[in-house]
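Worksheet for the structure shown next.
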Amino acid sequence: MNDTIRIRGARENNLKNLSLDIPKNKLVVLTGPSGSGKSTLAMDTLQRECQRQYMESMGMASDSVGKPKVDSIEGLSPSIRIAQHSAGRNPRSTVGTATDLYTHVRFLFARLGERSCPSCGGAIHSTFEPQAAAPDEEEERGARQVEACPHCGVELEKLGMPHFSFNKPEGACACCGGLGRVTTIHEAAVFRPELSLREGGVASLTGVHRDIQTKILVAAGKHFGFAFDPDQPIGEYGEAQRDLLYYGVESEAFKRHYPNVKPAQGTKFEGVIPGLWRRYREKEAEGGYADKDGFFREGVCPDCGGAKLKEEVRRVTVAGASITEVTGWPLGRVQEWAQLRLRELPDAARPYVEPVLAEMPKRLQRIVDVGLGYLSLDRQTTTLSGGEAQRLRLATLLGSGLTGVLYILDEPTTGLHPRDTAGLIGVLRQLRDLGNTVLVIEHDVEMMRAADHLIDIGPGAGQHGGQIVGQGTLEELMASGTSVTGAYLRAERSGFSPREPRSDSRGRVTIRGASVRNLDIAEASFPLGSLVAVTGVSGSGKSTLVFDVLDRAFDEAPEGEKGWEAIEGLEKVGGIALMDQSPLVRMQRSSVATYTDLYTPLRQLFAGLPEAKAAGLGAKHFSFNTPGGRCERCQGLGTLSVELDFLPNLEVRCPACKGKRFAQEVLSVRFRGHSISDLLDLSVEESLPVLESESKMAGLAATLCEVGLGYLKWGQSVKTLSGGEGQRIRLARELSKPAKKPALYLLDEPTAGLHPTDIMRLRRLLDKLVEAGHTVVVVEHSMELVREADWVLDIGPEGGAAGGRLIASGTPQQVAEAPGSFTGAFLKGQLAEAR
């Protein structure tokens, strides 16, 4: 009991009365095909039972919070789930603030900083005072202090820790408020360039771009409470239109030209554009991603140049570097800087800052070890991928020193080049050696080799999975006749045949002089009508090249903001389809059925049934997003959220509808024995025989199965999907549409979350797109997919400032022979086995 977690009779979702023992204080890898039941076992069974027992121990348990469908789980430890998720939406959150490393840096600059006197130019050094080597509470409260220049005696404000924070008024740039970026009215989007007010143009609505002219007129009518005819000739009233747009209906010019227009009671009288600006700011304050409607544009702050801090703060240096330089360096360089300062500390300073300088390199090393050494302290956490956010949290947890904990991780190698996996494995072993159990859901072969114990779930996905098909070491799995993973590894060892690349007879898209972020690429070409893989270690510049250069080339970026000299061959591409790792939607109500557009014909199908017509039920009654037929207790979600102290919220079944989402009269309408709720609870694959007579819906279901998502339930929230699943559902939606002109498909690690056997299925799907005339470009780390590409562009050699160069380009066989290519080294090993 003390060294084992014993699970008996687990039946959650697709688990088939599963029983197993998980050894404690070991690194355990849970693997198997996508949708086989790994997450159900780890997250929905183990983690949920840990939460339930916590609630029960705190006296918070209730009938609505049931235990997972399992006979018993014994030997549980306190658990910490480290899932892949967005790192938040706060634009002020950075890697430095999220890890508390920025607090250390601010402390060092407040204690060791050097600046020039604005009066005589002499150097002013911070004084060392008998204070603890930790953030000064008085300073954090912003108490104003002064110090005298030792050369001329002029008094200056003493700079403390608040002055080095972009989140405090003492240090934040006044122009941007510490954000580094400013949002302004995008006049070029509202007015024709030749009529810009800044250039003295005529401010009439005849100068408004035709595609948004009606938008402004309608907005004006709604905003000020009067009917405004968009077709009315208005050019002669230029001055009145300008006043309406900028000053509102109470201006003298507007009253003179429109004497009969009266504002609605309680209406704010600002102009249309200030009104839009106010609405944007209100939405931004709510923490959402405000819809700018094309009226606004975001750019670098003109005062601080994106540095976020006041000028006098940016001039302070430590060891010759400013705080903006230090926070802009890769973390590995920050580590060297901190260690250098520790060696050079004067004796007077050592007692006050040595503990911080001794701790910083340790924290930085843990982040480097999980493959994130290319990040900088000023990197916004909103720009991190799910895998990066997960590994950053893992590095932070490692410093906590907790023991006796069950850590559950969801594919931590996502986004990692094979070269960087070893460092991550080392961190997980450190967690284990502290006396913890580390349970990792993973498909990476190197992670499997490093595991103390492997559990393989399968043999397939959805209803075809949910069984233990193999356990033990990697060698034991390979010897198993039932293990799906073992069968794949045996096939890998026997080798494969590299295919001949497709010809580039259709030409190429060529980028010249790419210089965005860390890129320094003279020329990079993408053969059209091919599967192109862009590879390189984490942070090398792969995504920058594909999404910040190739994708933006279609947006006609302003001349000064392009970041490249020229791009040739775009005229040969009919369009572009972007499929990155960003969330599909941010609404909890959006489900697989609604996102794929299946729900509309499904509701119409139910509304057309005789029982529905007899009861007077229309399509709206079968929607869980609008009142009428849904359960109002849970508003059609089927679940209620219970807040837990110190733990994530727990979703529990709605006690009113028992998770069915709808009122009883709606549930009584059935199609082939299934209510609308029953169909939403079916997996895509399970719904195929039910929907076979409905060609459109059946075709969509078949496509989802083809991309390896047949295990998803139609009613499942898309917020629960991983980045890889999100891309594949986008891909299925694209494939279900009518054929279009040859396009350029850009995908960001589409293999994320896929078992190696599923990667081969994905490759066949991508081949279909290519054979239809499209070009597919994938940013990818999986060698299983890279080796199958027609063309490879390898960026590197390292991440951050040490990357950004084109190391090799060509077929997989050619890149495998390229000197200095880490990707080539891994490809060479695989290709050598094939021969």
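The values are calculated or read from the model by the stated rules, or taken from the named source; none is laboratory data. Please read all numbers here as calculations on a predicted model, not as lab measurements. Cβ atoms come from the backbone with ideal geometry, glycine included; neighbour counts cover every protein chain shown.
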Margin query: Which condition from (1) part of a helix (DSSP H, G or I); (2) at pLDDT 65 or above is the one that residue 156 breaks?
Written below: (1)
Next item on the list: Kindly indicate which of 525, 530, 540 is of a type in the set (S, T, N, Q), touching a residue at least 40 places away in the same chain (Cβ under 8 Å), surrounded by fewer than 23 Cβ atoms within 10 Å (Cβ to Cβ) and out of contact with any Asp or Glu (no Cβ under 6 Å at 6 or more places or on another chain).
Entry: 525
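Could you pull out the residue among 708, 773, 796 that is in contact (Cβ under 8 Å) with a residue 40 or more places away in the chain, within 27 Å of residue 440 (Cα to Cα) and not polar (S, T, N, Q)? Break it down stepwise before answering.
On the way: 773 fails: within 27 Å of residue 440 (Cα to Cα); 796 fails: within 27 Å of residue 440 (Cα to Cα).
Among 708, 773, 796, only 708 is in contact (Cβ under 8 Å) with a residue 40 or more places away in the chain, within 27 Å of residue 440 (Cα to Cα) and not polar (S, T, N, Q).
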Check: If the Cβ limit is 8 Å and pairs must be 6+ apart or interchain, which residue in region 304-330 that is in the same structural domain as residue 108 (by TED's automatic domain parsing) and in contact (Cβ under 8 Å) with a residue 12 or more places away in the chain pairs with which residue that is of a type in the set (Ser, Thr, Tyr) and in a loop (DSSP other than H, G, I, E, B)?
Finding: 330/374
Notebook entry, point to check: Looking at 445, 516, which is the one that is surrounded by fewer than 22 Cβ atoms within 10 Å (Cβ to Cβ), closer than 22 Å to residue 413 by Cα and either of a type in the set (Val, Ile, Thr) or not assigned by TED's automatic domain parsing to the domain that holds residue 20 (or both)?
Noted result: 445
Notebook entry, point to check: Among the residues of region 704-715, which ones are assigned to a helix (DSSP H, G or I) and aliphatic (A, V, I, L, M)?
Noted result: 704
Next item on the list: Could you identify the single residue in 444, 433 that is touching a helix residue (DSSP H, G or I) at 6+ places or on another chain (Cβ under 8 Å) and at pLDDT 85 or above?
Entry: 444
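Going by the conditions given, is residue 746 under 24 Å from the mean Cα position of the chain (by Cα) and outside any strand (DSSP E or B)?
Answer is no for this residue.
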Check: Looking at region 346-374, which of its residues are of a type in the set (Asp, Glu) and surrounded by fewer than 18 Cβ atoms within 10 Å (Cβ to Cβ)?
Finding: 347, 354, 359
Margin query: Checking the condition more than 25 Å from residue 526 (Cβ to Cβ) and modelled with pLDDT under 90, which residue from 738, 750 passes?
Written below: 738
Check: Tell me, which strands (runs of 3 or more DSSP E) lie completely within region 1-81 with 2 or more residues that are buried (at least 20 other Cβ atoms within 10 Å of the Cβ)?
Finding: 4-10, 18-23, 27-31
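Among residues belonging to region 662-703 that are among the charged types (D, E, K, R) and assigned to a helix (DSSP H, G or I), point out the one that is nearest to residue 736 (Cα to Cα). I'd like the intermediate steps shown before the answer.
Let us first name the residues in region 662-703 that are among the charged types (D, E, K, R), namely 665, 670, 672, 678, 681, 685-686, 692, 694, 696.
Then keep just the ones that are assigned to a helix (DSSP H, G or I); that gives 665, 678, 681, 685-686, 696.
Details: 665: 33, 678: 24, 681: 22, 685: 16, 686: 19, 696: 9 Å.
Looking at the filtered set, the residue picked out is 696.
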Notebook entry, point to check: Say we look at region 780-835 and pick out the residues that are of a type in the set (Val, Ile, Thr) and under 18 Å from residue 518 (Cα atoms); which of these is surrounded by the fewest Cβ atoms within 10 Å (Cβ to Cβ)?
Noted result: 807
Next item on the list: Can you run down the residue pairs with Cβ atoms below 6 Å, 6 or more apart or on separate chains, where the first is in region 669-688 and closer than 22 Å to residue 728 by Cβ and the partner is among the hydroxyl-bearing types (Ser, Thr, Tyr)?
Entry: 683/711
Next item on the list: Output the number of residues of region 564-601 satisfying the condition of being assigned to a strand (DSSP E or B), within 26 Å of the chain's Cα centre (by Cα) and at pLDDT 90 or above.
Entry: 1
Note to self: Would you confirm whether or not region 710-728 contains a residue that is of a type in the set (Val, Ile, Thr), under 21 Å from the mean Cα position of the chain (by Cα) and surrounded by fewer than 22 Cβ atoms within 10 Å (Cβ to Cβ)?
What the structure shows: yes
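Residues checked against (1) out of contact with any His (no Cβ under 8 Å at 6 or more places or on another chain); (2) of a type in the set (D, E, K, R); (3) assigned to a loop (DSSP other than H, G, I, E, B):
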site	(1), (2), (3)
752	yes, no, yes
765	yes, no, no
784	yes, yes, no
793	yes, no, no
807	yes, no, no
815	yes, no, no
818	yes, no, yes
830	yes, no, no
Notebook entry, point to check: With region 284-381 as the region, which helices (runs of 4 or more DSSP H) entirely inside it contain at least 1 residues that are farther than 27 Å from residue 159 by Cβ and at pLDDT below 90?
Noted result: 331-344, 350-369
Check: In region 542-556, is there at least one residue being more than 30 Å from residue 762 (Cβ to Cβ) and at pLDDT below 90?
Finding: yes
